[in-house]
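A short reminder: the numbers here are calculations on the coordinates, not readings from a lab. Being a predicted model, the structure only gives us computed values, none of them experimental. Using ideal geometry, Cβ is built from the backbone for each residue, glycine included, and neighbour counts are taken over all protein chains shown.
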Amino acid sequence: MGIHAQRLIAPDGSEMVVLSAADFDRLLEAYEDAEDAVEGMRLLREIEIQGTVPGAVLDAVYDEGITAVLAWRRYRGLSQAELARRAGISQVWLGRNERGMRHGKPRVRAAIAAALDAPQWTLDIGQQEFPNNSRERTPDPAMR
């Protein structure tokens, strides 16, 4: 199943190739498949670098409207006290964070993500859809 092409020289001297429509369609399909494969490899590399989110966490955030931190904690089967201990923060602060009353500095977010074995960016999932989850209501100098 080779491609049958006819080469011609145009009046301006440029080389032209004439293909049957079926051969052209096969070449175009192969090119599009190659583009899809390259995009797939790029996405796989991005996933390896950034990590993924389990469906159970996404379901909890979007279906129940809870914060991603709470969803991840439940997914990991950790108590609030255990997660707070692992992250080096107070349980009271963590509870406020899980209720959307605190967000935390990047270092605190990184500590929570590490304690949850979750990509840090995933802790912000759902906050655009549920803006009350990201509002800070009371200053907490220790965690700001």
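Counting other C-beta atoms within 10 Å, which of R85, R45 has the fewest, and how do the rest follow?
Lowest count first: R45, R85.
Assuming R0 = 30 Å, what is the FRET efficiency of A81 and R107, from their Cβ-Cβ distance, to the nearest 0.05?
Result of the calculation: an efficiency of 0.90.
With runs of 4+ DSSP H residues as the only contributors, calculate the mean residue ellipticity of the chain at 222 nm using -39,500 (n - 2.57) per run, divided by the residue total and rounded to the nearest 500.
-16500 deg cm²/dmol
What does the charge add up to near D36, with Lys and Arg as +1, Asp and Glu as -1, over the other residues with Cβ less than 14 Å from its Cβ?
So the surrounding residues net to -4.
Order these by the 10 Å Cβ neighbour count, fewest first: H4, H103.
Fewest-to-most ranking of H4, H103: H4, H103.
Based on the Cβ-Cβ distance of L27 and Q50, what FRET efficiency does E = 1/(1 + (r/R0)^6) give at R0 = 35 Å, to the nearest 0.05?
Taking R0 as 35 Å, the efficiency between L27 and Q50 is 0.50.
Sorted by mean Cβ packing within 10 Å, highest first, what order do the peptides 110-120, 52-62 take?
Taking the mean over residues of other Cβ atoms within 10 Å, the ranking is 110-120, 52-62.
Taking the Cα centre of the chain as origin, work out the dipole magnitude from +1 charges on Lys and Arg Cβ and -1 charges on Asp and Glu Cβ, in debye rounded to 20.
It works out to roughly 1680 debye.
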